[in-house]
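Shown next, in structure tokens, is the structure this report addresses.
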Amino acid sequence: MAVTISLSHFTLPTFLYFLLLSTSHLPIFAINITNLLSSYPEISDFANLLATTSVAADLTQRSYLTLLVVPNTFLRSSDLLNNRSPPSSSSSSSNLGDVLRYHVLLEYFSWSDLRLIPPTGKLVTTLFQTTGRAPNNFGSVNITRNVNSNSVTIHSPTTNATILGLLKTLPYNISVFKVDSLLVPNGFDLMASETRPPLGLNITKTLIDAHNFNVAASMLTASGVEEEFERDEGGAGLTLFVPTDEAFSDMSSSMKFQSLPAEKKAVVLRFHVLHSYYPLGSLESIVNPVQPTLATEQNGAGSFTLNISRVNGSVGINTGIVQASVTQTVFDQNPVAIFGVSKVLLPQEFFGKNPIGSGSGGGESVVASPPEISLSPVNSPEIFSPPSHLSSPPILGKEVSSAANRKKGIFLWCIGFFYLLAIN
């Protein structure tokens with residue numbers, strides 16, 4: 001029996017209302033989770049682990065998920081970082097990736113969704129379950145809610161983690177929650193894994209032995225940040241950009257670097273360090289150029305960042321004040337890479353036209369514009385490009401891919417076309 005629906009009583013505003021209502025929950029495609037997390041330095045270690053494994057790529061084509069991230073303060077005390085096997089170990093890489101996949105829930109949860117979970121709990125599948133390496137149903141976690149405190153806890157057979165708060169959400173598609181502990185799948189014994197002995201690198205001695213970094217070595221020792229750097233060798237590692245002696249001697253006196261107070265000099269030294277191990281090949285193939293530094297972690301997201309890109313066949317570093325280039329590899333052994341650079345990296349925050357604070361160091365200088373670089377489509381720093389091996393820039397603008405917009409536009413056009421046919 002045919003059913004005829006009359007549209008004669010539908011006005012155009014009414015039709016558009018229902019049209020917008022029906023498309024408001026269209027999914028977001030090709031989210032680059034590395035870019036999404038780049039504005040939050042307090043979870044930089046976890047974000048870097050996602051980027052340096054295949055997990056970030058696994059998430060690119062998923063439209064609905066909830067990610068549980070572990071802040072640096074909790075992650076650095078976990079067995080995951082303290083007992084990682086050498087990177088050449090394939091079993092180590094697989095285990096690390098699966099632990100991270102265990103933090104990806106294959107459902108979208110908002111805060112309100114979590115607060116509706118019954119006290120008995122809800123079993124939720126994780127990305128680890130999809131690998132085929134999770135026996136039985138051990139690739140799932142149980143989420144429970146305490147009716148008295150309203151706190152939400154995620155349970156695995158061996159570990160529990162409590163949600164600390166919502167970090168980021170793209171409604172109906174992706175939520176990112178901070179948790180207070182690493183979740184370990186059943187059968188994983190991180191303490192029993194093959195361990196990598198601590199590197200224990202003496203950074204100052206390494207620079208002195210390289211013969212062309214005596215000024216930088218002296219500054220590291222005098223400032224006390226050398227010990228800070230060496231403490232951070234574990235975990236995600238470090239990448240240091242160290243100016244040569246010539247770079248210091250060539251620095252313009254108008255910059256008034258030497259007149260900076262000691263605490264600001266220490267910030268400038270931290271500005272030369274990325275809180276992850278990046279070999280030269282990763283720097284050369286960088287997709288997302290804006291990188292947070294150790295100074296970013298102390299001063300807030302979006303501040304004290306370096307713009308790293310490939311310029312004329314080498315790695316270029318732009319601070320907004322100076323344009324430097326990597327001149328040599330001084331040391332490269334996971335988890336530490338040290339590169340010589342052609343200029344002292346001066347942050348805009350201290351040496352720009354509107355420096356932070358009223359103290360000395362705000363020399364009048366011309367801000368160096370980033371170089372014009374011809375990027376191939378593969379290296380184009382779009383937020384929805386495939387994830388790189390590096391952490392990503394704090395870009396907060398577009399979060400919907402152009403492909404999704406095109407699909408939505410075609411969908412709207414088709415419905416509008418058929419509406420016009422119906423009323424005629």
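The values are calculated or read from the model by the stated rules, or taken from the named source; none is laboratory data. The structure presented is a predicted model; accordingly, all values stated were derived computationally and were not measured. The protein model used for the area step is the full one, side chains on, heavy atoms only, and it has no ligands, DNA or RNA in it. Shrake-Rupley method; radii C 1.70, N 1.55, O 1.52, S 1.80 Å.
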Check: Full extension from Asp113 to Asn146: what is 0.36 nm times the residue separation minus their Cα-Cα distance, to one decimal in nm?
Finding: 10.5 nm
Check: Could you give the accessible area per residue of region 203-341, probe 1.4 Å, as a whole number in Å²?
Finding: 37
Checklist line | Equivalent ellipsoid semi-axes - Cα gyration tensor, region 203-341, angstrom | finding: 20, 18, 17
Margin query: If you roll a 1.4 angstrom probe over the protein chains with everything in place, what fraction of the accessible area of region 203-341 belongs to carbon and sulfur, to the nearest %?
Written below: 49
Checklist line | For region 111-171, fraction of C-alpha pairs farther apart than 16 Å, in % | finding: 50
